[in-house]
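Novice: Just dropping this structure here.
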Amino acid sequence: MTTKKTVVIGAGAAGLMAGVFSAASGSDTIIYEKNRKIGRKLYITGKGRCNVTNNCDIKTVIENTPTNGKFLYSALNNFSPKDTMDFFEKNGCPLKTERGGRVFPVSDRAVEIVSALRRAVIFSNCKIKYQTVKNIITQDGVVKGVILSNGDITECDKLIIATGGKSYPFTGSSGDGYSFAEKVGHTVVSLRPSLVPVETRQHFGYDADGLLLRNAAIRVIDKTENDRVIYTDFGEVQLRRYGLSGATVRSASAHMKNMESGRYVIEIDLKPALSEQMLDSRLIREIEAAGRAVYTDLLATLMPKALIEDFAKLSKIPKDKRCSEITRTERSKILKLLKCMKRTVKGFRPIEEAIVTSGGVDIKEINPRTMESRLVKGLYFAGEVIDVDCYTGGFNLQAAFSTGVLAGIS
């Protein structure tokens, strides 16, 4: 029997898994990667630690996939978070589970995840070639091969597009897969950033730019729905000149649908561990202890130094005012600002700064049981190129691994 030949475009999370499981299933498999090394985006995920999956059940992954989560049902049942953890452990990368079920390499080094994938590629006899695919070849609705940038043609029976989205283009995610899909008749749902920083109407000063608040709480208010709270979170908030970033804000961005300037307001609680009553009692003590010290000295006991200038301006209390002269009304103003610093969202930062791309190849044109195109026989999709995106916490990589594995074995 003639050995089937499979080509995978892209050596990221989805493409590497697709290649490994395609080759392990008996297909002669080649992965084409335009970068000079594999897994470029994996190196920067989780701040270089790589949040490789979430230690949870399938239902939880789907619940954390706001865009087309149910499409992943078959892929996740075929390759679950537990399977992902077993895969990396068996390929020499010990893992650990942290807060919220987030799974990381024990070493806290993303390179260990990439190394495990490289070992799996070698063991499966999958080949990697560092060349750029310029076009795909189809005939009468059937995949026939790919054309490389040097003009060479590689014939194949199966083709898996795993080129990623448009976020972080320096890692190679330049949107090639969307072009390939459209050329053969697929619909690409409008691309937009997800898990992305936001620009706000109010600006922080230069001192505060880049300041990371590690233990802040946020609430996102939708002004078009009678100030309905659409999202709450606790953790890291990063202040930027243009607006806000950090893990909580990026997660919140996935909930901001149909973005328009002024629609959403983010409220930051700088002291989430204290109720208003507890915080007021603390303020009274701090003010009494400060005596004739100036207002900015009081603020230094309540927040990072880099935030004092901005906070003082927002409170409209003179910076050189003696603490002993601070009135009850002014104390109330400080209290309210500590518990609710408001930022009106103007819009998202560019898609190139997003962790993931929302939008992509329309799921209605992909068979969820195989990841094969419903329009072109022998064409498969895996990973971020598909119109599926998840919240932070390891869920996006799990979606990439699961769809990659299913495409590879199919």
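Novice: Report, ordered by the first and then the second residue, all pairs with beta carbons closer than 9 Å, sequence separation of six or more or different chains, a first member in region 190-206 that is β-branched (Val, Ile, Thr), and a second member that is at pLDDT below 90 and in a loop (DSSP other than H, G, I, E, B).
Specialist: Every condition considered, the pairs that remain are VAL196/SER167; VAL196/ALA254; VAL196/ALA354; VAL196/ILE355.
Novice: In addition: Out of TYR391, TYR380, report the one residue that is crowded, with 19+ Cβ neighbours inside 10 Å and either of a type in the set (Lys, Arg) or more than 15 Å from ARG250 (Cα to Cα) (or both). First the steps, then the outcome.
Specialist: Numbers: TYR391 fails: either of a type in the set (Lys, Arg) or more than 15 Å from ARG250 (Cα to Cα) (or both).
Answer to the check: TYR380.
Novice: Shifting gears a bit: Can you tell me how many residues in region 72-94 are touching a Pro at 6+ places or on another chain (Cβ under 9 Å) and buried (at least 21 other Cβ atoms within 10 Å of the Cβ)?
Specialist: If we filter region 72-94 for residues that are touching a Pro at 6+ places or on another chain (Cβ under 9 Å), which is where we start, we get 72-75, 88, 93-94.
Those still in the list that are buried (at least 21 other Cβ atoms within 10 Å of the Cβ) too: 72, 75, 88, 93.
Qualifying residue count, region 72-94: 4.
Novice: Does ILE62 satisfy the condition of being in a helix (DSSP H, G or I) and over 15 Å from the mean Cα position of the chain (by Cα)? Let's see the steps before the verdict.
Specialist: Values: in a helix (DSSP H, G or I): yes; over 15 Å from the mean Cα position of the chain (by Cα): yes.
It is true that ILE62 is in a helix (DSSP H, G or I) and over 15 Å from the mean Cα position of the chain (by Cα).
Novice: Under 7 Å between Cβ atoms, which residue pairs at least 6 apart in sequence (or on different chains) link something in region 374-403 that is in the same structural domain as MET17 (by TED's automatic domain parsing) and among the acidic types (Asp, Glu) with a partner that is surrounded by fewer than 24 Cβ atoms within 10 Å (Cβ to Cβ) and in a helix (DSSP H, G or I)?
Specialist: Hits for this filter: ASP387/ILE363.
Novice: What tally of residues in region 350-367 results from selecting those that are outside any loop (DSSP other than H, G, I, E, B), touching a strand residue (DSSP E or B) at 6+ places or on another chain (Cβ under 8 Å) and either more than 18 Å from GLY69 (Cα to Cα) or of a type outside the set (A, V, I, L, M) (or both)?
Specialist: From region 350-367, those outside any loop (DSSP other than H, G, I, E, B) are 351-353, 356-361, 363-366; that's our starting set.
Remaining after also requiring touching a strand residue (DSSP E or B) at 6+ places or on another chain (Cβ under 8 Å): 351, 353, 356-361, 363, 365-366.
With the extra rule that they be either more than 18 Å from GLY69 (Cα to Cα) or of a type outside the set (A, V, I, L, M) (or both), the set shrinks to 351, 353, 357-360, 365.
So the answer is 7.
Novice: Quick one: in region 132-153, which of the residues that are small (Gly, Ala, Ser) and farther than 19 Å from LYS4 by Cα is surrounded by the fewest Cβ atoms within 10 Å (Cβ to Cβ)? Please lay out each step first, then the result.
Specialist: Within region 132-153, the subset small (Gly, Ala, Ser) is 141, 145, 149, 151.
Next, only the ones that are farther than 19 Å from LYS4 by Cα stay: 149, 151.
Details: SER149: 12, GLY151: 7.
For region 132-153, the residue satisfying everything is GLY151.
Novice: Is region 98-117 home to any residue that is out of contact with any Ser or Thr (no Cβ under 6 Å at 6 or more places or on another chain), surrounded by fewer than 17 Cβ atoms within 10 Å (Cβ to Cβ), of a type in the set (Phe, Trp, Tyr) and not assigned by TED's automatic domain parsing to the domain that holds ASP233?
Specialist: no
Novice: Considering only region 239-285, state which residues are surrounded by 21 or more Cβ atoms within 10 Å (Cβ to Cβ), outside any helix (DSSP H, G or I) and touching a Leu at 6+ places or on another chain (Cβ under 7 Å).
Specialist: Hits for region 239-285 are LEU239, GLY246, ALA254, ILE266, LEU270.
Novice: Looking at (1) farther than 22 Å from SER358 by Cβ; (2) in contact with a Pro (Cβ under 8 Å, 6 or more places away or on another chain); (3) aromatic (Phe, Trp, Tyr), which one does TYR242 not meet, given that it meets all the others?
Specialist: (1)
Novice: Ok, one more. Check region 220-236 and report whether any residue there is out of contact with any Asp or Glu (no Cβ under 9 Å at 6 or more places or on another chain), at pLDDT 95 or above and in the same structural domain as VAL405 (by TED's automatic domain parsing).
Specialist: no
Novice: Next up: Provide a single number: the residues in region 43-60 that are among the small types (Gly, Ala, Ser) and exposed (fewer than 14 other Cβ atoms within 10 Å of the Cβ). So that I can check it myself, show each step before the final result.
Specialist: Narrowing region 43-60 to residues among the small types (Gly, Ala, Ser): 46, 48.
Filter once more, keeping what is exposed (fewer than 14 other Cβ atoms within 10 Å of the Cβ): 48.
Matching residues across region 43-60 total 1.
This table checks each residue for (1) free of Cβ contacts under 8 Å to residues at least 40 places away in the same chain; (2) touching a Lys or Arg at 6+ places or on another chain (Cβ under 8 Å).
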{"site": "ASN258", "(1), (2)": "yes, no"}
{"site": "PHE311", "(1), (2)": "yes, no"}
{"site": "ILE317", "(1), (2)": "yes, yes"}
{"site": "LYS321", "(1), (2)": "yes, no"}
{"site": "GLU325", "(1), (2)": "yes, no"}
{"site": "LYS333", "(1), (2)": "yes, yes"}
{"site": "LYS342", "(1), (2)": "no, no"}
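Novice: Something else about it: Out of (1) at positive phi; (2) not assigned by TED's automatic domain parsing to the domain that holds VAL405, the odd one out for MET371 is which?
Specialist: (2)
Novice: Would you check which residues across region 368-410 are more than 21 Å from SER22 (Cα to Cα) and part of a strand (DSSP E or B) and list them?
Specialist: Hit for region 368-410 is ASP389, nothing else.
Novice: May I pose another question? Regarding ILE122, is this residue outside any helix (DSSP H, G or I), assigned by TED's automatic domain parsing to the domain that holds PRO81 and more than 25 Å from the chain's Cα centre (by Cα)? Break it down into steps so the answer makes sense when it comes.
Specialist: On the way: outside any helix (DSSP H, G or I): no; assigned by TED's automatic domain parsing to the domain that holds PRO81: yes; more than 25 Å from the chain's Cα centre (by Cα): yes.
Judged against the criteria, ILE122 is not a match.
The values are calculated or read from the model by the stated rules, or taken from the named source; none is laboratory data. Fair warning: this is a prediction, and the values are worked out from it, not measured in the lab. Note that each Cβ is placed from the backbone with ideal geometry, even for glycine, and that neighbours are counted across all protein chains shown.
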